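Q: The structure under discussion is supplied below as structure tokens; questions concerning it will follow.
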Amino acid sequence: MRKFLEANITHNTKKMSKYEWLKERGKGIGGSDASSVVGLNPYKSSVSVYLEKLSYIKNNINNTDDKTINSILNKNTQHIEDTIYTNYKIELGNKLKDFVAKEFALKTNKKVRNINGILKNDKYPFAIANIDRAIVGEKAFLECKVSGSYFKGEWKNGVPINYKVQCYHYMAVTGATHCYVAALIGNEDLVIHKIDRDEEIIEDIMKLEKMFWEKCVLGDNIPIPDGSDDYSKVLKNLYKESKEEEIILFEKENYLNRYDDVVGLIKELDSEKKAIEQYIQSQMKEYEIAYIGDRKISWKKQSKNILDSKRLKKEHPDLAKKYMKTTTSRVFRI
């Protein structure tokens, strides 16, 4: 079996179909999953990863033909949509990564090569890795990123935390001593960072991943709520339908008491926030721009177009009714 550093190259990705690749991804936690699992991904929560992995296991996706897999994927697009390699955005991203890798090699005079394989390590059987490039002559790899100009600020102070976790995950699987991250930002700037191996951080990450895999995925226990928008979105999709019955939640009073405390604290802080805003406004008076130290504050007139629905209903009731849309959702109240 081929190896990259301490990792076994279990599959040749150049010879795999997208569905075969998805089968293997369903068997473990990948680098892009890692930050979500440990709660450090601002865009995706652990519950989304949980549902993705669970959908493979519950549908026996690892022992299913491609036709059935396609059917399963179509039924679960809400939770695994970002794993389907069928759109131009991902294809373009992969081509841009090739460009990033070549530019990295030119700028650093380092040689890189493509592994074209899924990497696994006996020490962490629940973890898988797909590195972008290996660095020739070093116990290291290259991670290529393509980011829009909108996210430029996230790279201002180095590699964003979710990508750092991904790199530490890959170091755990491969045994690499360091890695490089090259990011093309807004198609106009290439930034390069080096991340050194940190055993303590890696140990913490892999402990959390192991716990998540064994307790949540294999044990079929939904991860605890984390307060993220993604978690709320998943819950709304999971429990769209309701039944007109009651349930007694035993021994949950402490949650409700804490909820009341938090609501009170939010109201208090919100009032303080408004008072500070009012004080600054009273000092600015008619001026649109103010500076306090290096901080810029603006208070400008702003125009926007809004639909006068009351007038529309009064003057054109039939037209208003024609474009009326009824939506149904569950409303949560305490």
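Q: What distance in nm lies between label points placed 7 Å from Cα along the C-beta direction at F332 and L256?
A: Here the answer is 1.6 nm between the modelled labels.
Q: Return the calculated 222 nm mean residue ellipticity for the chain, to the nearest 500 deg cm²/dmol, obtained by summing -39500 (n - 2.57) across DSSP H runs with n ≥ 4 and dividing by the residue count.
A: Here the helix-only value at 222 nm equals -13500 deg cm²/dmol.
Q: Okay, moving on. For Y287 and L249, compute 0.36 nm times the residue count separating them, minus their Cα-Cα distance, and round to one decimal in nm.
A: This chain segment gains 8.2 nm when fully extended.
Q: For each of D270, D98, D230, count neighbouring Cβ atoms within 10 Å of the residue's Cβ, then give the residues from fewest to most.
A: Least crowded to most crowded, the residues run D270, D98, D230.
Q: Just to be sure I understand, if you calculate percent of Cα pairs over 31 Å apart for this structure, which of [x] 40; [y] 51; [z] 32 do you get?
A: It is the one labelled [y].
Q: Tell me, what is the percent relative contact order of the chain, built from C-alpha pairs under 8 Å that lie six or more residues apart?
A: 18 percent
Q: Now for a separate question. Round to a whole angstrom and tell me the spacing of the C-alpha centers of the stretch 186-265 and the stretch 106-122.
A: One Cα centre to the other: 32 Å.
Q: By per-residue mean of other Cβ atoms within 10 Å, what is the highest-first order of 203-214, 258-269?
A: Taking the mean over residues of other Cβ atoms within 10 Å, the ranking is 203-214, 258-269.
Q: Here is a further query. What order, most packed first, do the peptides 116-128, 278-290 have when packing is the mean number of other Cβ atoms within 10 Å of each residue?
A: 116-128, 278-290
Q: How many nm separate the modelled label positions at N12 and D204, each set 7 Å beyond the Cα in the direction of the Cβ?
A: Using points 7 Å along Cα→Cβ, the separation is 4.1 nm.
Q: Nearest 5 is fine: what % of DSSP beta bridges in the chain come out antiparallel, could you say?
A: 75 percent
Q: If you line up the long axis of helix 253-284 against the longest principal axis of the chain, both from Cα atoms, how many degrees apart are they, to the nearest 10?
A: Here the helix axis deviates by roughly 70 degrees.
Q: Roughly how tilted is helix 229-238, in degrees to the nearest 10 and between 0 and 90, from the longest Cα axis of the chain?
A: With rounding to tens, the tilt is 90 degrees.
Q: So how tilted is helix 161-174 from the main axis of the chain? Cα-based, degrees 0 to 90, rounded to 10.
A: 20 degrees
Q: Let me ask you something else. Students often check this: by mean Cβ neighbours within 10 Å, which of 305-317, 167-179 ranks highest, and how do the rest follow?
A: 167-179, 305-317
Any read-out appearing in this document is the output of simple, stated calculations on the displayed coordinates, not a laboratory observation. Please read these numbers as outputs of a predicted model, since none were measured by experiment. When we count neighbours, we look across all protein chains shown, and the Cβ atoms used for this are built from the backbone with ideal geometry, even at glycine.
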